[in-house]
Amino acid sequence: MSKKQEQGTRGAVEHLGELIHGIKVAMMTTVDADGSLHSRPMWTQDHDFDGELWFFTREHSHKVDEVEQDHHVNVSFSDPTRDRYVSVSGRCQLVKDPRKLRELWSPALKAWFPDGMDDPELALLCVRVERAEYWDTPSSRMVQLVGMVKAALTGKSYAPGDHQSLELDGSRSH
C-alpha cells in the first residue's frame, strides 16, 4: 500500500469513527443458513474506532452460528437527531480473549450478562470493516428546508448533505 493510500485509509477510518461515535445501538445483519438475512440490535462499545467494531454476545447463540457459517455482516448505525446514517459491511468472527473482554467490559453490560466477567458464555464478535457508506445531512433543519424549497423551485432533485462510500482496504475511496 502506498503512503497516499495508507493516509487515505487512515482518514476514512477516522471519519467513520467520528460518524458513529455516540450511537449506542446498531443493527447487525447476518446471513442465516437458508440465505435469508437476519438483523438484530447490538449494544455498541464506547471506544475509539480503529477499523474494527466489537460487540458482546453469548458464545452459543444463533447469531454466532450464522457468523461461523458466513462471516459477511452488515452493521447499520442511525442517529436521526443528527441526521446521520451509516452502513458498514465486513467480516465477523467470534473472539474469546479474556484480555479483550476485560478491556471492553462496562457495568452497563450487566443488563445482558448478570454474571459479568464470570459468565462462561461471555464472548465478543469482532467485525473488521471493509466498506462503509454514510449519509450525513446538515444539522440545521432550516438548511434542509431551504434545500428542499430550492429543489422544488428549480425542478432539480433534493440531495441533502453528504453521501459517500468508503473502502477501508485502501484500494479506493470515493
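The values are calculated or read from the model by the stated rules, or taken from the named source; none is laboratory data. Since this is a predicted model, take the numbers as computed values, not measurements. No Cβ is skipped: glycine too gets one built from the backbone with ideal geometry, and neighbour counts run over all protein chains shown. Remember, those area values only see protein heavy atoms, side chains included, never the ligands or the DNA or RNA. Shrake-Rupley method; radii C 1.70, N 1.55, O 1.52, S 1.80 Å.
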Within the range 1-121, what whole-number % of the accessible surface is contributed by carbon and sulfur, with the 1.4 Å probe and all protein chains included in the calculation?
51 percent
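Roughly how many debye, to the nearest 20, is the charge dipole of the range 1-141 about its Cα centre, given +1 on each Lys and Arg Cβ, -1 on each Asp and Glu Cβ, and no other charges?
Values: 18 positive and 25 negative charges, 89 e Å.
In debye, rounded to 20, the range 1-141 gives about 420.
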Percent relative contact order for the range 1-109, counting Cα pairs under 8 Å at least six residues apart, stands at 24 percent
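Give me the extension gain from Asp118 to Lys24: residue separation times 0.36 nm, minus the current Cα-Cα distance, reported in nm with one decimal.
Details: separation 94, 0.36 × 94 = 33.84 nm, distance 2.41 nm.
Full extension from Asp118 to Lys24 adds 31.4 nm.
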What is the distance, in nm, between label points placed 7 Å from the Cα along the Cα-to-Cβ direction at Asp70 and at Glu14?
3.6 nm
Sorted on mean Cβ neighbours within 10 Å (highest first), peptides 112-125, 12-25, 66-79 come out as 66-79, 12-25, 112-125
If I stretch the segment between Lys96 and His38 completely, what's the gain in nm (0.36 nm per residue apart, minus their alpha carbon distance), one decimal?
18.6 nm
Straight-line reach from Lys110: which aspartates and glutamates have Cα under 15 Å away, leaving out those fewer than 8 places along the same chain?
Asp118, Asp119, Glu121
